[in-house]
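The structure under discussion appears below in the form of structure tokens.
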Amino acid sequence: MADIPAIEGLFNQFAVLLLVAAVIGFIGTRLRQPLVVSFIAVGILVGPSALGWVDGHEPMMDLLAEIGIALLLFVVGLKLDLHLIRTMGPVALVTGVGQVAFTATVGFLIALAVGLEPVAALYVAVALTFSSTIIVVKLLSDKKEIDALHGRIAVGILIVQDICVILAMILITSLTAAEGDASLAYEMGRVALTGLGVLAAVALLMRYVLPRLLDVLARTPELLVLFSIALAVSMATGGDMLGFSKEVGAFLAGVAIASTPYREAVASRLTALRDFLLLFFFISLGAQLDLTTIGDQLGLALLFSAFVLLVKPLIILAIMGLMGYRKRTGTLTGLTLAQISEFSLILGSLGMSVGHIDQEAMSLITLVGLITIGASTYLIFYARPIYERLSPLLTPFERSSPYAELALDSQPQACEEADVVIFGLGRYGEQLAKNFKARGWRVLGVDFDPTVVSQWRERGEMAHYGDASDPEFPRTLPLGEVRWIISTAPDRDVGGTLINALRAAGYQGRLAVTVHSRMDAEYLRRQGADRVLMPFVDAAEMAAAEITADPDPVAARNGGRRP
């Protein structure tokens, strides 16, 4: 009975903590801030520097944080998309590795120049290189740009960065072990051999065990999720025992399931749990921030943040330009990746736990994370207007022939003759195309997803790679015989950009745009749209018209007979 008050106290503490996190998180979302920033702010608020409710090192919070990190790496392994690696592999690999190497080198020199110790400078520099998978994927999905060319390239670069994080964690573990009696070469060799053994075991698990086992477990979805969590935590423990890190083991557990048909089901069910448990990691980080030293570190944090927000996108832009991509694609990709990652914080936390860096260096990395993650949210949301304003200044990064993007649009001459051009080849756009073709119209489809464009061409249909929000793109279209241009993207800004771009390109035909609200419809009509499509409203009106066309609804309810 003596333990009951302690349990009640812990329960009450967690209840208050979750309530505060919910309130701060709500305020953060209203300010368009990712929850990562809100959760770190919660940690600062409830930590020793403010209210003093938690000290940042409580065992239960640390345990939940470690499980959250394990699930984070597990989900990253689950989402290791081999198809994306094959299609975006060259640009993702070269840009990802090049950006990591260049950013780390310049960041390390800056850190040394401002007086950081070499080891701390190395950790800070490496932390600057990684971008946030959670934030980038979430915001690109919200903007419906995850399948755009710059979105696909950004996700590919994130995969390369995630692999670099795993390698960095393995190196840190090896260095830590080598600080004892074993030499670094011996320890690296041991880790390499152990790693090959683990990879072989994972391959056998993927080939002979997991497919059959998951087929049985999937009959009970709850059991499938429980097994996935157990596998992630168990392999995390195994990775730690074998001299790797928990994060590496959890990542390999995700890779093991990624080859099965259940990867998406497991990932979707674990995402909410992962985010909930990561709450405690970010709160713990915030609680460890010493507000009394922030004034001393703020200048350095602003310097490194400016480097991440301004120079890192330019590095990506330059590398992609050399690889034959347009400055627009490079700029949008660079702005998307202009922040440091949750993995940067995890890597710094690992370095602090093994004694490589102190709390001051970790606080600096956390401050840079707060600033860059918060600021990059707005960079991602307003990436297109930012590009349009900066475009004249970015001309030196533009190739005279952007061959990498031209290769996406190698289309036979038949596309020069079309009656209607449809921007957006999703379900709505595809149905529109089918109906136009059934009426004898020649259709040219345009989409910003290279995979969709390739699928259309494989079916023998005319398709261009392009983006309705790119004001320069309409000039490349064969507009001479086009009677209608239709945009299926339900975005007012995209519709307005397309209207202005077509007017500037001298298009004389008619234009239809898609929206979901009457206010946006009125706005685009004033901008010059000939027809505004509202799919849900139009479909509801047609359905009601067909249903009410029966002159005797009472008889219809009674099988044709009136009561």
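Brief remarks follow.
- Magnitude of the charge dipole for the chain, about its Cα centre and with charges confined to Cβ atoms of Lys, Arg (+1) and Asp, Glu (-1), is about 1920 debye.
- Fewest-first ranking of 233, 137, 37, using other Cβ atoms within 10 Å as the exposure measure: 137, 233, 37
- Here 124, 97 are placed in order of increasing Cβ neighbour count within 10 Å, fewest first, which gives 97, 124.
- P(r) of the range 187-320 over all Cα-Cα pairs, binned every 5 Å from zero, in whole percent: 2, 8, 12, 14, 12, 11, 14, 13, 8, 4, 2, 0
- Non-local Lys pairs in the chain, i.e. 8 or more apart or on different chains, that have alpha carbons under 19 Å apart: 4
- Label point distance in nm, residue 194-residue 398, each placed 7 Å from Cα along Cα→Cβ: 5.4
- The chain - mean residue ellipticity at 222 nm from DSSP helices (-39,500 (n - 2.57) per run, n ≥ 4, rounded to 500): -22000 deg cm²/dmol
- 3J(HN,Hα) couplings calculated from phi for the range 451-457 with the Karplus curve 6.51 cos²θ - 1.76 cosθ + 1.60 (θ = phi - 60°) are, in sequence order, 5, 5, 4, 4, 5, 5, 5 Hz; Gly and Pro show x.
- Between residue 546 and residue 438, the FRET efficiency from the beta-carbon distance, with R0 = 22 Å, is close to 0.70.
- Rounded Å value of the spacing that divides the Cα centres of the range 357-392 and the range 451-489: 34
- At 0.890 mPa s and 25 °C, Stokes diffusion of the range 414-547 via Kirkwood alpha-carbon radius, µm² per second: 163
- Subtracting the Cα-Cα distance of residue 265 and residue 106 from 0.36 nm times their residue separation leaves 53.1 nm of extension gain.
- Separation of alpha-carbon centers, the range 241-312 and the range 93-153, rounded to whole Å: 13
- Taking the C-alpha atoms only, the angle from helix 221-241 to the longest principal axis of the chain is near 40 degrees.
- Of the peptides 362-368, 71-77, the order by per-residue mean of other Cβ atoms within 10 Å, starting with the highest, comes out as 71-77, 362-368.
- Axis angle, to the nearest 10 degrees, between helix 133-142 and the longest C-alpha principal axis of the chain: 20 degrees.
- The range 431-516: trypsin sites (Lys or Arg not before Pro) in DSSP loop, at most 15 other beta carbons within 10 Å: 439, 459, 483
- Normalised by 2.2 N^0.38 Å, where N is the number of residues, the C-alpha radius of gyration of the chain stands at 1.11.
- Available extension along the chain between residue 113 and residue 476 is 125.9 nm, counting 0.36 nm per residue and deducting the alpha carbon span.
- Cα-Cα separations in the range 460-508 greater than 13 Å, expressed as whole percent: 57
- Exposure proxy for 208, 123: other Cβ atoms within 10 Å of each Cβ, ordered fewest to most, give 208, 123.
- Cβ-based net charge around residue 165, under 11 Å, with every Lys or Arg adding one and every Asp or Glu removing one: -3
- The simple spin-label model puts a point 7 Å past each Cα toward its Cβ; for residue 15 and residue 215 those points are separated by 4.9 nm.
- Added length on full extension, which subtracts the Cα-Cα distance from 0.36 nm per residue, residue 455 to residue 62: 136.7 nm
Where a number appears in this text, it was derived from the coordinates with a stated rule and is not lab data. Predicted, not measured: the structure shown is a model, and the values here were computed from it. Cβ sites come from the backbone with ideal geometry, for glycine too, and all protein chains shown count toward neighbours.
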